[in-house]
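A short write-up of the structure that comes next.
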Amino acid sequence: MQIITKIAELDYVLSKYRNQNKIIGFVPTMGALHLGHISLINASNKDCNITICSIFVNPTQFNDKKDLERYPKTPEKDAKLLKDAGCSILFMPEVDEMYPETDTRIFDFGSIDKILDGKFRPGHFNGVAQIVSKLFFAVKPNKAYFGSKDFQQVLVVKNLVKQLNLPIEIIACPILREQDGLAMSSRNTLLSKDEREAAKIIPEIMLTIAAHKSNNLSIKQIADLVNKKVSTNSMYKLDYFVIANADSFEEITEWEQATNYVALIACFVGKVRLIDNVVF
Ligand code: AMP
């Protein structure tokens, strides 16, 4: 596996593969890798000739500077995991390489980035769009792999490639979970032992929503149950719990004829903000 830190070198290496008509798969990450990330590498390896993974903790998508400072970093472990997974290139640029000038671009994703994480983390999706577009321009992949754990991010990125006319196929991969159901996340490593135990409440909530619907509970009744559950312990702070039409991404308050629903949650456990979703 080649480790590259400069865009010019990356372009030089990748242009050789492009000239040979190799299919280039791309997995952008912020590092502190876990098996969820590796599942994206595996998906890319299956479809593509070359897999490139980027590790870059993007400052412009953090609305909370403390969150940026404490974001976990495990570069050596990450490089080993990627090498073992059969990743061809690891791109690890410094901040100055990606942002030689302040990025002043403002994106508009209509209603997608105004709600949920867009509302609770102002500027977050604009920062995501800034870095993902820069990485796409640098890598020029045929396919790019994203985790459905970040459901709203996948919608933003799909809209981004349309807005910019980029010929990149965006592939959404399933959420990988720990044994107790907690969605794998780099942020899980920031949880204390007690917080990690308490975090189980999130999959407990999320993995029972479909059953509640089958038992004819209304959306309000489900939301009330969720609010009651998180009010049992002061460690929790719920940013949102909503059920939306998974196709239109519009929040719903009554069950409708939607074929797919998605329930989405963002909840602090102590200082760590965790997100999860289920499509049903
Ligand atoms: P991050 O490093 O958190 O920015 O995540 C990089 C990519 O990995 C994003 O596309 C995430 O959605 C994806 N990802 C993170 N956690 C998981 C997971 N538990 N299962 C599948 N994909 C994930």
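The values are calculated or read from the model by the stated rules, or taken from the named source; none is laboratory data. Bear in mind the structure is a predicted one, so any value in this text is a computation, not a measurement. Every residue, glycine as well, gets a Cβ built from its backbone with ideal geometry; the counts of neighbours run over all protein chains shown. Each accessible area value is taken on the protein alone, full model and side chains, heavy atoms only, with ligands, DNA and RNA left out. Shrake-Rupley method; radii C 1.70, N 1.55, O 1.52, S 1.80 Å.
Cβ-Cβ distances below 9 Å connect the following pairs, each with a first residue in region 227-241 that is assigned by TED's automatic domain parsing to the domain that holds residue 268 and within 8 Å of residue 267 (Cβ to Cβ), a second residue that is small (Gly, Ala, Ser) and loosely packed, with under 11 Cβ neighbours inside 10 Å, and a separation of six or more residues or different chains: 238/231. Set side by side, the residues 103, 113 differ, and just one is at pLDDT below 95, among the charged types (D, E, K, R) and in contact with a helix residue (DSSP H, G or I) (Cβ under 8 Å, 6 or more places away or on another chain), which is 113.
Got at least one residue in region 121-135 being more than 19 Å from the chain's Cα centre (by Cα) and of a type outside the set (Ser, Thr, Tyr)?
no
Checking 99, 17, 71 one by one, the residue that is within 16 Å of the ligand (Cβ to nearest atom) and of a type in the set (Phe, Trp, Tyr) is 71 and no other. Output the residue which, of all residues in region 1-19 that are under 24 Å from the mean Cα position of the chain (by Cα) and part of a helix (DSSP H, G or I), is farthest from residue 53 (Cα to Cα). Per the stated criteria, the residue is 7. Looking across region 150-170 at every residue that is surrounded by fewer than 17 Cβ atoms within 10 Å (Cβ to Cβ) and either among the polar types (S, T, N, Q) or not assigned by TED's automatic domain parsing to the domain that holds residue 6 (or both), the one that is farthest from the ligand (Cβ to nearest atom) is identified as 165. For region 139-149, the tally of residues that are under 10 Å from residue 52 (Cβ atoms) and away from the ligand (no atom under 14 Å from the Cβ) stands at 1.
A quick yes/no check of all residues on (1) modelled with pLDDT of 95 or more; (2) surrounded by 15 or more Cβ atoms within 10 Å (Cβ to Cβ); (3) closer than 27 Å to residue 197 by Cα; (4) of a type in the set (Lys, Arg):
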position	(1), (2), (3), (4)
214	no, no, no, no
222	yes, yes, yes, no
225	yes, yes, yes, no
228	yes, no, yes, yes
231	yes, no, yes, no
241	yes, yes, yes, no
244	yes, yes, no, no
247	no, no, no, no
259	no, no, no, no
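A residue that is in contact with a Leu (Cβ under 6 Å, 6 or more places away or on another chain), surrounded by 21 or more Cβ atoms within 10 Å (Cβ to Cβ) and within 30 Å of residue 235 (Cβ to Cβ) can be found somewhere in region 190-201.
Of everything in region 98-125 that's part of a helix (DSSP H, G or I) and open to solvent by 40 Å² or more (accessible area, probe 1.4 Å), which residue is nearest to residue 273 (Cα to Cα)? Top of the filtered list is 120. Only residues that are buried (at least 19 other Cβ atoms within 10 Å of the Cβ) and either under 20 Å from residue 110 (Cβ atoms) or within 15 Å of the chain's Cα centre (by Cα) (or both): list them for region 137-148, please. Those that are buried (at least 19 other Cβ atoms within 10 Å of the Cβ) and either under 20 Å from residue 110 (Cβ atoms) or within 15 Å of the chain's Cα centre (by Cα) (or both): 144, 145, 146, 147.
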